[in-house]
């Protein structure tokens, strides 16, 4: 049976520390754009930590939510793409083919989660910062749209390894960079088609919910609500 | 010519072509074959230790082949070598347990930073101008040896000062040994957010001069007094792992925690209950809780931790909930409720860190929390606090502004190792002036920072990925975790491991010094002599609450000033890494900026809007930064993250933002001489319209903060 990759994020253990944000930059060759471009809203973070302040001092609360591409099953970004750069893979990922992308940015307009980022210029890594680049991930040039891939290069690598060893992928074989860096173990990745996988178990949790569930995008990321002490 | 001759001929011409091109690395065929034992395109994983903070997380480094422009044997060229690609937490390491924080992830940029110092240098311009010329290692070592020999000839060995960060590694032991055999005083250490006050308190209360390990994973209820244990304090990765287990690691049991602080930290955001208190009264709240517990049936047995508190045996009559409410501003009912939870939800744990210890009464607050903890009965027990064996290493003598603390006073030769006190100490300490007056300064830094730019001689260290590394973490694990690891890649540049430079210098002195080590490897692999814990100091008299003393008159300077360790930069030592500069601060989403956090009501009263420039003025000076309207801060407090405002620190951090440490008053905690960095009062005044320097990833702090309101 085909895999269907999904993620569960437990907001009760997420501390908002941002390790996943930097891990994502390191893994996926996401450029830093510098202060001037960042001020123009061009900073690229495939994964961000959102904050929600509630109440006023002294009864103030702050909740965090890491938001990455939700890898929707009914993804609004896909049908709007005139070149099929934004498309759905057999394993349920919303993939982006950089070589097809002509930079219409329709997909970014259509995405309700604001997780697509446009390359306004060629990325720059003053030497020797280029040595940190991950050879498994292609570098995006000016004029294309980029986004979270669920670390598809790690999915492929683990699948190839499993095939070479003539075995099935085990639950936990694949960890995207964000999941791997998370000290509090707030993020879990796995196969939603395997009812025994941890991500399936967590996705069935009564605390579970999807981001902007009512827009009907059928996301594959489940957020487990933060609990309150009684 | 038959086939056999053709092959022979080809072999000969091929070989001679290769040999002929050996002189210039650019033309070497060999450059297409890596000089390391690595298969092109195949990743290897090698262990190392993260250098970013004292926690000492074990990491694994992904190593792959790459074309590197470098200089080998004096010739520039391209070589294919194995280089680090990414760092992950080492799953076998009891500290990191497979996780790694944002600073750890970014530490790879220490190696590949475009402004790294790549060879030894000698100053040519005026001090602080940053003008240097390249010299050879032989010249550099001769220069340093000559300076030391001059002192030795004048019988003035005491005038050498080695200034470093309180390292958890063996390198400080090497420096200490070198200085001792030379005849100089032990290394002086400096760290802005050091925990000397807590170490002292733990020595008095528990006999361990060491930071605690908190067993959150097995705790059901925790109360943290100001400790940002999920962000910046102590061992954040180990503590985050324990926190995850506390919340969701046990079926049917979800541990709860209360955070006591006056500005919401990253940790405070995750608390079940966030309790703001008046700055400097945290210890009173702890004793109020102890009073409520003692008033119940519980025996008052808290051992020496209790004995360190005045009035403990008589049930703390001065700390009734009503009195505590008056002092701390926390409602008596709330105190009784939390005390009830502390008794009912065993095992429970209390701990303190950060700003409460940086008050003039910090030691009292720490002793009070220790006594509360001892009363809860969980010291050394599951779900409580414990002390990592072998974690109590000698950390050197901390530099201080207090009269009893060591200063840079009469030094004639200053050696700087991974430390930046000009940036991280208050201007009033006059560290810059003291350093400028020292005739000769050598730095082992990999970057020209605010302090290293004063150096006459630069002997750049390898990056941690190119060196032998070691650590003996002070906390974060129940067991001793001495770690060492070899280099994961060859050096990119003409740098040298500082340990080996020190060993070479020791051997080349006119009267050579015998050190117990020959190489950096031997230093990293050596173990600390098991020194017995020093006899626990007794407090002069049982501690009692004294009103915290703040610098600045409350009418002229109406706000408490809280500079806090930033998640990205800590004390500023990682402000030069572009990933961290562009990482949005989780509480505000700000990037590449400095800002002043102000309560919304205060801002409205002062007619300040988001991004407006304000002057924050203490008795020591003024910094100007944009306003960040921050819902989680008391109305009488303004806070600023530490990290920006470097005068020199590579292209990414130089001249960016302002340094809140510079306007701190030189207040100290009297017992330890540690800087009381939270004891300054300030005034604020609008200085201008937004200048666009406050850069945020999100649009606003709230969804619609100004909806229906006009300014």
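The values are calculated or read from the model by the stated rules, or taken from the named source; none is laboratory data. Quick caveat: nothing in here was measured; it's all calculated off a predicted structure. Ideal geometry is used to build each Cβ from the backbone, glycine not excepted, and the neighbour counts take in all protein chains shown.
Observations
- Check on residue B:271, in contact with a strand residue (DSSP E or B) (Cβ under 6 Å, 6 or more places away or on another chain), in the same structural domain as residue B:335 (by TED's automatic domain parsing) and surrounded by fewer than 23 Cβ atoms within 10 Å (Cβ to Cβ): no
- Single residue of segment B:277-287 satisfying the filter (surrounded by 24 or more Cβ atoms within 10 Å (Cβ to Cβ) and either at pLDDT below 95 or part of a loop (DSSP other than H, G, I, E, B) (or both)) that is farthest from the other protein chains (Cβ to nearest Cβ): B:280
- Segment B:455-567 holds strands (runs of 3 or more DSSP E) entirely within its bounds, and those carrying 3 or more residues that are more than 30 Å from residue B:381 (Cα to Cα) map to B:559-565.
- Count of segment B:487-510 residues which are surrounded by fewer than 20 Cβ atoms within 10 Å (Cβ to Cβ), closer than 30 Å to residue B:68 by Cβ and in contact (Cβ under 8 Å) with a residue 40 or more places away in the chain: 4
- Residue A:127 falls short on exactly one of the conditions (1) in contact with a helix residue (DSSP H, G or I) (Cβ under 8 Å, 6 or more places away or on another chain); (2) at pLDDT below 95, and that condition is (1).
- Subset of segment B:55-94 (residues that are surrounded by 22 or more Cβ atoms within 10 Å (Cβ to Cβ) and part of a loop (DSSP other than H, G, I, E, B)): B:55, B:56, B:57, B:90, B:93
- For segment B:153-264, the strands (runs of 3 or more DSSP E) that sit wholly inside it and include 1 or more residues that are within 14 Å of chain A (Cβ to nearest Cβ) are B:221-225, B:256-260.
- The residues in segment B:638-656 that are surrounded by fewer than 23 Cβ atoms within 10 Å (Cβ to Cβ), within 14 Å of another protein chain (Cβ to nearest Cβ) and in contact (Cβ under 8 Å) with a residue 24 or more places away in the chain can be counted, and the count is 3.
- Some residue of segment B:294-306 being in a loop (DSSP other than H, G, I, E, B), under 33 Å from the mean Cα position of the chain (by Cα) and within 14 Å of chain A (Cβ to nearest Cβ): no
- When residues of segment B:591-605 are limited to those that are over 13 Å from residue B:690 (Cβ atoms), within 10 Å of chain A (Cβ to nearest Cβ) and touching a strand residue (DSSP E or B) at 6+ places or on another chain (Cβ under 6 Å), the one surrounded by the fewest Cβ atoms within 10 Å (Cβ to Cβ): B:600
- The condition (being buried (at least 22 other Cβ atoms within 10 Å of the Cβ), modelled with pLDDT under 95 and either within 24 Å of the chain's Cα centre (by Cα) or within 29 Å of residue B:240 (Cβ to Cβ) (or both)) is satisfied by just one residue among B:524, B:528: B:524.
- Filter result (crowded, with 17+ Cβ neighbours inside 10 Å and in a loop (DSSP other than H, G, I, E, B)) within segment A:208-230: A:210, A:211, A:217, A:219, A:220, A:226
- Residues in segment A:156-176 that are in contact with a strand residue (DSSP E or B) (Cβ under 8 Å, 6 or more places away or on another chain) and farther than 20 Å from residue A:195 by Cβ were compared, and the one that is surrounded by the most Cβ atoms within 10 Å (Cβ to Cβ) is A:176.
- Qualifying residue in segment B:569-582 (condition: part of a loop (DSSP other than H, G, I, E, B), on the phi > 0 side of the Ramachandran plot and at the interface with another protein chain (Cβ under 8 Å from one of its Cβ atoms)): no
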